[in-house]
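**Q** Take this structure first; my questions come after.
Quick note: the coordinates plus some simple rules give every number you see, no bench work behind them. These numbers come from a predicted model, not from an experiment. In this analysis, Cβ positions are derived from the backbone assuming ideal geometry, glycine residues included, and neighbour counts consider all displayed protein chains.
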Amino acid sequence: MVRYKSRSLRRVFVKTASKINLHYRKRKPNKQKCPECGKVLKGMVRVRATKLKEVAKSKKVPSRKFANLCSQCSRKKLIERARSLKW
Ligand SMILES: [Zn+2]
């Protein structure tokens, strides 16, 4: 099977003691984005779903509220929530 010739896999040159070998590896997924404004989220690791279990939780998601949003959107949301509180 010649499926490794596909460009959907990335090519990595790996140095060994005697020569340089060509290895084929899977590409990284796209960076995660904020669902409200579409900005790239910071502090989120960029690995495939099967590798996520090997990564520490602190590297996967920020430890604040509304971690799926960017910091600006989460700040807006927090203010919105606080203002709409019924006393
Ligand atoms: Zn946002």
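**Q** I want to make sure I understand the PRE zone here: with the label point 7 angstrom from the Cα of R48 toward its beta carbon, which residues in segment 1-21 have backbone N atoms less than 11 Å away?
**A** Zone members listed by number: 9-10.
**Q** Wrap a convex hull around the Cα atoms of segment 28-87, take a quarter of its surface area, and give that in square nanometres.
**A** Orientation-averaged projected area of the Cα hull: 4.9 nm².
**Q** Then there is this: Which of the listed residues, S8, L78, C34, is farthest toward the dipole's positive end in the chain, when Lys, Arg count +1 and Asp, Glu count -1 at the beta-carbon?
**A** Value computed over the given set: S8.
**Q** Right, here's the next one. Taking C-beta distances below 4.7 angstrom as the pairing criterion, name the unpartnered cysteines of the chain, in sequence order.
**A** Lacking a cysteine Cβ partner under 4.7 Å: C37, C73.
**Q** Follow-up question, since we're still on this one. Among L69, Y24, A56, flag the residue with its Cα farthest along the positive direction of the charge dipole of the chain, charges on Cβ as +1 for Lys/Arg and -1 for Asp/Glu.
**A** My answer, from the dipole projection, is Y24.
**Q** Let me ask something additional. For the chain, with a Gaussian network of springs between Cα atoms less than 10 Å apart, report the residue from A17, A56, A67 with the top mean-square fluctuation.
**A** In this elastic network of the chain, the residue with the biggest mean-square fluctuation among A17, A56, A67 is A17.
**Q** Taking R0 as 22 Å, what FRET efficiency do you get between V61 and A82 from their Cβ-Cβ distance, rounded to the nearest 0.05?
**A** 0.45
**Q** Here's a follow-up. Place a +1 charge on the Cβ of each Lys and Arg in the chain and a -1 charge on the Cβ of each Asp and Glu, then give the dipole magnitude about the Cα centre in debye, rounded to the nearest 20.
**A** That gives a dipole near 220 debye.
**Q** Show the residues, 5+ positions off or on another chain, whose built amide H is closer than 5 Å to the amide H of Q32.
**A** Hits under the 5 Å cutoff: L41.
**Q** Pick from K57, K77, K19: which residue has the top mean-square fluctuation in a GNM of the chain where Cα pairs under 10 Å get a spring?
**A** Result: K19 has the largest fluctuation of those listed.
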